[in-house]
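Structure first, then comments.
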Amino acid sequence: MSVERVRNGSPWQETIGSARAVAAGDLVLVAGTIPEADGAAAVGDPYEQARSALGEAIAALGPFGIGAESVVRTRLYISHARDAEDVGRAHRELLGAVGPVVTVVVVSGFADSRVLVEVELEAYRGAAT
């Protein structure tokens, strides 16, 4: 089984020694993804932050030749339970037709206090390879 790693130059990757996404055989894992850095307009808006983070995570699948249709699992980390509905709506809009399994976890916070949402994706590229 081959392992492929994609890095995008994020400061976190250098600081902690990680990749943006890793493919191990047909399984593709996308690291925790927060809203775009220039998404300051979305500060305080869990729906917009979720759309941004999910979009960024889906885009990370591109170097492996797959997209949203290949997502089989998502993990949604939120800092407030009250945001679950808004974050769920964003997930439904971007991935509802695909129907991955989903886990929603309420956490105490993120390294950047402006962040309300972080997402992880797992995808299967078997049909695409």
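Total residues in region 30-52 satisfying the condition of being within 14 Å of the chain's Cα centre (by Cα) and acidic (Asp, Glu): the figure is 2. Looking only at region 5-26, residues that are of a type in the set (A, V, I, L, M, F, W, C), within 12 Å of PHE64 (Cβ to Cβ) and surrounded by fewer than 16 Cβ atoms within 10 Å (Cβ to Cβ) come to 1 in all.
A Cβ distance below 7 Å, combined with a sequence gap of six or more or placement on separate chains, defines the contacts here; from region 118-129, residues that are under 19 Å from VAL106 (Cβ atoms) reach residues that are modelled with pLDDT of 95 or more and among the charged types (D, E, K, R) in the pairs VAL119/ARG75; GLU120/ARG75. Within region 77-105, residues that are basic (Lys, Arg) sit with their Cβ atoms under 7 Å from residues that are part of a helix (DSSP H, G or I), at 6+ positions apart or across chains, in these pairs: ARG89/TYR47. Against the definition (part of a helix (DSSP H, G or I) and under 15 Å from the mean Cα position of the chain (by Cα)), how does GLY55 come out, yes or no? Judged against the criteria, GLY55 is a match. Scanning region 71-128 for residues that are among the hydrophobic types (A, V, I, L, M, F, W, C) and farther than 25 Å from ASP26 by Cβ yields a total of 14.
Could you list all residues from region 9-40 that are modelled with pLDDT of 80 or more and in a loop (DSSP other than H, G, I, E, B)?
Taking region 9-40 first, the residues modelled with pLDDT of 80 or more are 15-36.
Once the filter is applied, which keeps residues that are modelled with pLDDT of 80 or more and in a loop (DSSP other than H, G, I, E, B), region 9-40 yields GLY17, SER18, ALA19, ARG20, GLY25, ASP26, ILE34, PRO35, GLU36.
Return the residues of region 90-114 that are assigned to a helix (DSSP H, G or I) and of a type outside the set (Lys, Arg); say none if nothing qualifies.
Result: ALA90, HIS91, GLU93, LEU94, LEU95.
Selection of first residues in region 49-66 that are in contact (Cβ under 8 Å) with a residue 12 or more places away in the chain and farther than 18 Å from GLY88 by Cβ and of second residues that are surrounded by fewer than 24 Cβ atoms within 10 Å (Cβ to Cβ) and of a type in the set (D, E, K, R), restricted to Cβ pairs under 6 Å at least 6 apart or on distinct chains, gives the following pairs, ordered by first then second residue: ALA60/ARG20; PHE64/ARG125; ILE66/ARG125.
Could you list, in sequence order, all residues of region 58-77 that are over 12 Å from the mean Cα position of the chain (by Cα) and buried (at least 18 other Cβ atoms within 10 Å of the Cβ)? Once the filter is applied, which keeps residues that are over 12 Å from the mean Cα position of the chain (by Cα) and buried (at least 18 other Cβ atoms within 10 Å of the Cβ), region 58-77 yields PHE64, ILE66, SER70. In region 9-28, the residues that are more than 16 Å from ILE58 (Cβ to Cβ) reach residues that are in a loop (DSSP other than H, G, I, E, B) and of a type in the set (D, E, K, R) with C-beta atoms within less than 7 angstrom, at least six apart or across chains, in these pairs: SER10/ARG20; GLN13/ARG7; GLN13/ARG20; ALA19/ARG7; ASP26/ARG125.
The values are calculated or read from the model by the stated rules, or taken from the named source; none is laboratory data. Since the structure is predicted, the reported quantities are computational estimates derived from the model, not experimental observations. Positions of Cβ are backbone-derived with ideal geometry, glycine not excepted, and every protein chain shown enters the neighbour counts.
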